[in-house]
Every structure is written in structure tokens, then in C-alpha cells.
Amino acid sequence: MGQNLAQKILSTHLVSGEMSLGKEIAIRIDQTLTQDATGTMAYLQFEAMGIPKVRTKLSVSYVDHNTLQSGFENADDHLFLQSVASKYGIYFSKPGNGICHQVNLERFGVPGRTLLGSDSHTPTGGGLGMIAIGAGGLDVAVAMGGGPFYLTMPEIVLVKLIGKLRPWVSAKDVILELLKRLTVKGGVKKIIEYGGPGAKSLSVPERATITNMGAELGATTSIFPSDDVTLEFLKAQKRESDWQRLEADPDATYDHTIEIDLSTLEPLAAQPHSPDNICAVSKLVGTKVHQVVIGSCTNSSYKDMMTVAGMLKGKTVHPEVSLGIAPGSRQVLEMIARNGALADMVKAGARILETACGPCIGMGQAPPSDGVTVRTFNRNFLGRSGTKSGMVYLVSPEVAAAAAITGVFTDPRTLGTPPAVDVPKEFLIDDSMVLPPSYEPDSVKVIRGPNIKPLPLNKPLPDSLEGQILLKVEDNITTDHIMPAGAKILPLRSNIPAISEHVFEVVDASFAQRAKASSGGFIVGGENYGQGSSREHAALAPMYLGIKFVLTKSFARIHQANLINFGIIPLSFEKPEDYSRLEQGDRLKIENVRQAIKSNQPLVIQNLTQKTSIKAIYSLSERQREIILQGGLLNYTKNNQ
Ligand code: MIC
Ligand code: SF4
């Protein structure tokens, strides 16, 4: 029987396990990437493993999140990252070189390879035909050390694209359409494989916009075939030799198939505060817009920038709109600077931002109170922009630029002919901001400023757990709720004692204090708990505060893995209706927890306050149960060396 594309790559990288639905498999990782906000921890963890040099084909450390240096913290982190990279065989992409996913796509991605990244949008690499997966920093550290990556074999869903996008409709609208149909939970435990004749009409950066935002579907990853379009892109990046043709066999089968006729799509927007709250832009026409920001790893390619510049040329940004533009990489920035497009943006009144994540992660450009901000990004979770009352809409570059000019939501289809953008046959290649590792690693000293604090370790799981439900939350809680980012908190990523003060701050400002006062406790959540970012700080900081288990209706994949990695038990209700029987503040107790976990039995949770008991279940492999018993993956890795 023929194989689909995902099966082909997974099977050539399979280290252990059986590739059947729901079974744990381990795959070999060819490439890793980290960014600075998750990288500091990942490298502290890598150092703790005592391995002299990375064992991957390629590992790259990017600095793109924390580039706002409002104090010594970020600058200290950058020096630590640069020196660690040099010492351990890792390439270092300097701040200013661009957003990790954009640069990795341009310069390093290779069809058919596996990529593990400590960032949830790592699946951007699927645009080049890679199996590219986002994970917590510790999983990436293990992969850098040559260890395999464990995942539960997902369903493989074919999204069959037919037809061709009409003028003013773009790749962003394809993924927004899927979010409309499937919601932010729709991709959980799934790989989304794109195919069909319509796929051929999309360039690699357009494909990458789509695979990037597969993260918002909760998908394990998303992938496009490697075909003539891929070859053309790699040729233009002078990396033709990295190409190979990779497509699903004609008789390949899938767990499900979804069809999208590209020619029926229209410009869409994700409304506040969730990427799946989709409506047609035509329904929003006339709504006043205060701010527009164009960029992020979703929409900052050369073509995106040229389209925006073409729309702005000869126009002026509306007087009541602030327009920010952050090109995704230095390659893109230099090219638009040389061809004059940047000048068109500046002339129109755009505020040009650094080639970095910037406003996407709340590093600057917070919108005004109650302000409507229209962004080409991938996430619009409550408070992420830096303004809790900000109303963030996610759209294509075309819709964003139209709003910047008119000051209101505008259907770009009413603006005449879209600018014609020729994607060059050759991109401008200059890798001088990617520093290779040292040839004399022994002589490299790792620089640790005061912001680099040692890694907290967990203790083995005790035999009985008792404590309070410190917080009870609803469905779809994101890691931005659990461990907020933004200009004030992000610089503390390498300082767990300091960052843990901010856990759940946007939900309940007293959480950290209450957790400390009662020496830890438990959290109760709804469906899809922990969706969004890969930040392991959303597990590590609660662990530091003494959280022993999280009991929910269901978990998002990366967060569940991070909880296990730090020894927090991810429990689910045996009967989902038990969710409503628990109250914040209830005192809970589980006895003989070690024995139950060893023998893979459900746990009986006694509610001492209500004098009732409920059952909690979990779905953990034998290896994961061992990790929990030993108090996390670092202990487990050390004990098993
Ligand atoms: C994000 O988009 O939320 C981030 C910031 O890139 C995160 C990583 C992080 O929290 O450092 C992600 O998506 O994984
Ligand atoms: Fe950076 Fe935003 Fe992309 Fe995350 S989603 S990697 S913060 S640009």
C-alpha cells in the first residue's frame, strides 16, 4: 500500500514504536532550532546533560523575541546564547537577522528532514516538505544531544486544495478558512498534509503561512509536498542541492480528507480573542481601526512586504492609524531596501520595526485602550498585545494594508487591481549574521550575566498528594494565560524564581502569592488546556510554585508534554461532568499515587472539603510514567545515563 508524505518522512526517521494511531513513536531529529525566549532554558538543560557537542545534522540558535533591550536582562541572555552556541557546535543567528521560522525557511530547511524547534510555529518548515514540530525546550535539548523525540502517532488528514486563489485573497485566508471549519481544537493529535492540484499554485512562503498557522489548529504539524515550486524556491536561495522530490504515493490513504476550493475563498479575519473566531472581512467593513501591524513569522515574506509596499505606494497612512511594519528577515529587509519598496512604505508613513517578533509577542506597539488593531499575525489571545482591552484582529497583509490606508476595515477587493509582485529568481544571499560555532570549543567561556539563574529541579513524586485547588479555569486556556509574555515578563525567561511571580497573572493576579503561601497545590481546567505557545515556562514556573497535578477535560499536545517533562501529572476527568463538582479552594488528596502510576491505574481523588471522591485518568506511556515518578525528564535522563 502506498504511503502519504507524512508517513514517508516519519518512517525513514523511526527509531522505535509502531506507526499506528495513538501509539507512542520515537523519531530521529535532523535539525533543531531555538529562539532566545525558550533557548536560554533549553541550553541550560543541554549543559546539564554534560554532552560536549550537539549530535544533530544542524542546530541553530536564533535571537528574535527579546530584542527590546530595556534593561540588561535581554542583552545578558544574548551573550549567554552566543557563547553557548559557539561552544557546543550550534549556529547562532544574531539579533537583527530575522525571525527564526522565516530565516530557517530561507536558509536551512531541507525537504524530507525532521526539525524540532522550541517554538510552536516550527511547523512553518512544513512549507518546504519537512516534518517540523514544535516542542518544549527540554525536548529540544534532548534532541540536540542525539536523543529521539517521542510523540503519539497522530491521525493524518489530507487537505485537498483545488482551484486557484482569486485576486486579493491570499494564503492567510486559506488557513483562516480551516480555522473557521475546524476551530483551535480541530487539529489536535493530527498532522495536516496538503495536496491536490491547488497546492501547486502556492509558492513556498505562501505554503509556510499556512503550515505556520496549523499551530493555531492545535495540529502536531502541517506539511506540503516538495515539488517543482519547492525547487524553484531553493534555487532562488542558492540551495538547489538541498532539494528532493517528495510527494504522497498516488494510492496513499488518509484518516480524513477535507477539500478546499481556493477559488471560492474570500478575505477573512479572526476576531478577538481567538484565532478561530472567523468572519468575512466584508462583514466588518467600516469598523474603525486604530492600529495596523504587518509582520510576524506568519506574514513577513518578500512577497508579503512587496504587496504591502505596492498598496502603500503613492498613498498616505490614514491620520488616525499607526502602521507598524516588521519584515521577517534581514534578507527581506535588505531586498526591499535596495529595490525601493521600503522607501514607499516610509513615504506612506509606516513605522519600520526591527526584523523580529516584536509586537506579536507584546514587545512594543501595544494598542491604545479599547483600540482596534489589525495584524497579520497568528495569535490574538486576550492581553497578548500588551493592552488587555485591545481588540486584535488577524488578517492577510492585503486586508491590513487596506485598513492602514482607509482607517477602517475595508474589503481589498473594492480597491481595483492588486499590485503585481514578481518574486525574484535569486534572493539576496548573505549569511554573515549567522555565526558558525567555534573550531576551538574548549577555549570558549560561557558568559553568564546576573539574569542567568540556575535551573530549578523537581523532586521524585511523593507517595501521597494533598493540597488545594488553587485555580479553576474554563476551556481553551492558553499558555499566554498561564505564563504571560510581553515586554515586562519576557526578559525573565532565564530566571525562574522571578518569572514565577507572574504565573496566571492575567487570570488572577494573586495566584503566585497564594500558591507560595500554601506550598503549592493543584489546577483544574476545561478542554484544550495549554493551547498556543510551546513555552515550557508554563510548566516549569508552576512546578517551581509547587503545582503537582493539573486536572482538565483535555490538554493541548505541547503543554501536556511540558507538564510531564517537569513532573506535573496531566490528569483528565474520568467523567467530564465531574468538572462542575469541583470548586476553587477545595482541598484534595490522592493516596498511593506512586503505586497507581506504576501500575497504570486511574487515581482516586478525595475531595476533603466536599467529602466526595472522583476518578482521574491519564494517558501516559510507560516511559512517561517513569518520568513522572522520577520528578521530570531531567532527573530521568540523568538516572538513565
Ligand atoms: C509565541 O508565539 O507565543 C512564542 C513566543 O513564539 C512561543 C514561544 C515562547 O513562548 O517563547 C511559541 O509559540 O512557542
Ligand atoms: Fe515570534 Fe510571533 Fe512567530 Fe511566536 S508567533 S515566533 S512571537 S513572530
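The values are calculated or read from the model by the stated rules, or taken from the named source; none is laboratory data. This structure is a prediction, so every number in the text was calculated from the model and none was measured. Note that we place each Cβ from the backbone using ideal geometry, even for glycine, and neighbour counts take in every protein chain shown. These accessible areas exclude ligands, DNA and RNA; they are computed on the full protein's heavy atoms, side chains included. Shrake-Rupley method; radii C 1.70, N 1.55, O 1.52, S 1.80 Å.
A few remarks follow.
- None of Leu457, Leu470, Leu461 is more than 16 Å from ligand 1 (Cβ to nearest atom), in a strand (DSSP E or B) and touching a residue at least 40 places away in the same chain (Cβ under 8 Å) except Leu470.
- Residue match in the stretch 454-463 (condition: open to solvent by less than 10 Å² (accessible area, probe 1.4 Å), out of contact with any Pro (no Cβ under 9 Å at 6 or more places or on another chain) and either under 25 Å from Thr34 (Cα atoms) or of a type in the set (Ser, Thr, Tyr) (or both)): no
- Note on the stretch 265-297: residues that are buried (at least 17 other Cβ atoms within 10 Å of the Cβ) and in contact with a helix residue (DSSP H, G or I) (Cβ under 8 Å, 6 or more places away or on another chain) amount to 16.
- Of all the listed residues (Val54, Val63), the sole one being within 23 Å of Ser120 (Cβ to Cβ) and away from ligand 2 (no atom under 16 Å from the Cβ) is Val54.
- Flag: Glu155 matches the condition of being under 30 Å from Gln624 (Cα atoms), more than 15 Å from ligand 2 (Cβ to nearest atom) and more than 19 Å from the chain's Cα centre (by Cα).
- Scanning the stretch 528-541 for residues being touching a strand residue (DSSP E or B) at 6+ places or on another chain (Cβ under 7 Å) and closer than 22 Å to Ala141 by Cβ gives a total of 3.
- With respect to the conditions (1) of a type outside the set (D, E, K, R); (2) within 14 Å of ligand 2 (Cβ to nearest atom); (3) in a loop (DSSP other than H, G, I, E, B), Pro111 falls short on a single one, namely (2).
- Screening Ala343, Ala348, Ala402 for residues that are touching a residue at least 60 places away in the same chain (Cβ under 8 Å) and over 27 Å from the mean Cα position of the chain (by Cα) leaves exactly one candidate, Ala402.
- Criterion: under 30 Å from Ala252 (Cα atoms), open to solvent by 10 Å² or more (accessible area, probe 1.4 Å) and touching a Pro at 6+ places or on another chain (Cβ under 9 Å) - qualifying residue of Gly117, Gly163: Gly163
- Only a single criterion out of (1) of a type outside the set (Val, Ile, Thr); (2) in a strand (DSSP E or B); (3) within 27 Å of Leu382 (Cβ to Cβ); (4) more than 16 Å from ligand 1 (Cβ to nearest atom) is not satisfied by Glu259, namely (3).
- Restricting attention to the stretch 196-215, the residues that are within 16 Å of ligand 2 (Cβ to nearest atom) and open to solvent by less than 10 Å² (accessible area, probe 1.4 Å) total 7.
- Selection within the stretch 629-640: residues that are touching a residue at least 24 places away in the same chain (Cβ under 8 Å) and outside any helix (DSSP H, G or I). The member of this set that is surrounded by the most Cβ atoms within 10 Å (Cβ to Cβ) is Gly632.
- Applying the condition of being out of contact with any strand residue (DSSP E or B) (no Cβ under 6 Å at 6 or more places or on another chain) and under 17 Å from Ala541 (Cβ atoms) to the stretch 473-482 and asking which residue is farthest from ligand 1 (Cβ to nearest atom) yields Val473.
- Test: Met130 is more than 16 Å from ligand 1 (Cβ to nearest atom), open to solvent by less than 10 Å² (accessible area, probe 1.4 Å) and within 22 Å of Asn640 (Cβ to Cβ): no
- Sole exception among (1) assigned to a loop (DSSP other than H, G, I, E, B); (2) crowded, with 18+ Cβ neighbours inside 10 Å; (3) over 23 Å from the mean Cα position of the chain (by Cα) for Leu234, by number: (1)
- The listed residue being within 15 Å of ligand 1 (Cβ to nearest atom), in contact with a Lys or Arg (Cβ under 6 Å, 6 or more places away or on another chain) and at pLDDT 95 or above, out of Gly89, Gly98: Gly98
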